[in-house]
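J.: Could you have a look at this structure, given as structure tokens, before my questions?
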Amino acid sequence: MSTLRVYKASIVAGFLLLSIMLSFAVQGKSLEERRSALKSIQAQISQQRQALNDTSKQRKKLLSLLKHDEQAIAKAAKKINQLKGQLAASKKKLQQLNQESLRLEKLEASQQKTLAKQLSSAYLAGNHDYTKMLLNQQNPSTIERMLTYYQYLNKARMKALTQLKETQSDIKAVTQSTIETQNKLNAAVLEQQKQAKKLSDEKAQRQKTQVQLQRTLTSKNEALEQLQIEEASLKRIVKQALESAKDNPQLVGLSSYRGKLAWPTRGRIRNSFGSSRSGRVKWKGISMSAPEGQNVYAIADGKVIYADWLKGFGMVIVIDHGRGYMSLYGHAQALLRSSGDIVRKREPIALVGLSGGLSHPSLYFEIRHKGQAVDPAKYCRRK
């Protein structure tokens, strides 16, 4: 039922009720009194109509605000996820640099020890005075041998000195790199704390918006109507995705993977495919409870054909797997891939969240073939 039809039904019902009240109220009244009563009832009908219009406008405004809040949350969460990778890389590099520093320090100590031995041996042999050595030697062949020996020792010492200088230079470079890496690590930690604070603030604002939005849904009929509007929005997005998806010979679809695929994240299935969502609205996919911020993985190779916020489903990413197959992931905290990106099987594409108006973090997951929703349990392995 559309919003306009609900409005009309409410107004008609109100009018009938007020008409009945009028029929009782005007009995035994003068014409002037009857006219006055009619004007009063008409004014109440006008107020009711205006109240419905105001509620509709308020709901649209709150939905727009919710979209803004959840996009801000997604931006902060994505930044934190990127910082985690940077922190891990910096820590790994620091560990490698520390190990290299220890190796170079040991090498330096060994080279210094070797050089010290060479200098000590040369001094004890007395080769520090070549003139005296030449004058004391009578046999020319002996002098030649001694000169060759001392030249060899001198070259060895020069080589040892060169190696020691190179090692000390390497130590200096590693030390500088360690300092720079540590500074980057410290900056990343501070930025992560800043983003975590921002994420917390955005979540608090989103909670306020969600409470206000929930207050505008005052009846089951309005809640059902909202679900129907959301389902229509999803159908429109799927249709657009189908139109934008192009045949790619490298994408082989999902037909050969029936019963073999892993689920997109770890969690408990709350709502299964085909179960009742509300009234006549059925679940076209499955809803999985999972920790907020947990990775969501692509179930198979494909191309991202939609990555944006969608009413009722929050941050949504749709992947084309070829041959009419696509998978959809909703209620994400953040999207890690953008439209047009090529993704591989088990590659992180999003983070579990509660966008789209949820009160508890979960993942909404669909598989569609030529636009028609199919049971994901037929393709993903049983837990």
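The values are calculated or read from the model by the stated rules, or taken from the named source; none is laboratory data. Just so you know, these numbers come straight off a predicted model, no measurement behind them. Every residue, glycine among them, receives a Cβ derived from its backbone with ideal geometry; neighbour counts consider all protein chains shown. The area values use the complete protein model at the heavy-atom level, side chains included, leaving out ligands, DNA and RNA. Shrake-Rupley method; radii C 1.70, N 1.55, O 1.52, S 1.80 Å.
J.: Condition first: more than 30 Å from K165 (Cα to Cα), modelled with pLDDT of 60 or more, assigned to a helix (DSSP H, G or I) and open to solvent by less than 50 Å² (accessible area, probe 1.4 Å). Can you find one or more residues in segment 85-105 that meet it?
T.: In the first step, residues of segment 85-105 are kept if they are more than 30 Å from K165 (Cα to Cα); the result is 85-89.
Subsequent filtering for residues that are modelled with pLDDT of 60 or more retains 85-89.
Filter once more, so that each one left must be assigned to a helix (DSSP H, G or I): 85-89.
Adding the requirement that they be open to solvent by less than 50 Å² (accessible area, probe 1.4 Å) leaves 85, 87.
There is at least one residue in segment 85-105 that is more than 30 Å from K165 (Cα to Cα), modelled with pLDDT of 60 or more, assigned to a helix (DSSP H, G or I) and open to solvent by less than 50 Å² (accessible area, probe 1.4 Å).
J.: If you don't mind, another one. Could you identify the single residue in T218, T167, T178 that is closer than 25 Å to G314 by Cα and either at pLDDT 80 or above or not in a helix (DSSP H, G or I) (or both)?
T.: Values: T167 fails: closer than 25 Å to G314 by Cα; T178 fails: closer than 25 Å to G314 by Cα.
Selected residue: T218, the only one of T218, T167, T178 that is closer than 25 Å to G314 by Cα and either at pLDDT 80 or above or not in a helix (DSSP H, G or I) (or both).
J.: Quick check, is Q250 at pLDDT 75 or above and in a loop (DSSP other than H, G, I, E, B)? If you could, list the steps in order and put the result at the bottom.
T.: Working: at pLDDT 75 or above: yes; in a loop (DSSP other than H, G, I, E, B): yes.
Spelling it out, Q250 is indeed at pLDDT 75 or above and in a loop (DSSP other than H, G, I, E, B).
J.: Can you tell me which of (1) in contact with a Pro (Cβ under 8 Å, 6 or more places away or on another chain); (2) under 27 Å from L199 (Cα atoms); (3) acidic (D, E) is the one E347 doesn't meet?
T.: Just one mismatch for E347, condition (1).
Condition check ((1) touching a helix residue (DSSP H, G or I) at 6+ places or on another chain (Cβ under 8 Å); (2) over 23 Å from G274 (Cβ atoms); (3) among the acidic types (D, E)) across all residues:
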{"position": "L328", "(1), (2), (3)": "yes, no, no"}
{"position": "H331", "(1), (2), (3)": "no, no, no"}
{"position": "L336", "(1), (2), (3)": "yes, yes, no"}
{"position": "G353", "(1), (2), (3)": "yes, yes, no"}
{"position": "L363", "(1), (2), (3)": "no, no, no"}
{"position": "A373", "(1), (2), (3)": "no, no, no"}
{"position": "C380", "(1), (2), (3)": "no, no, no"}
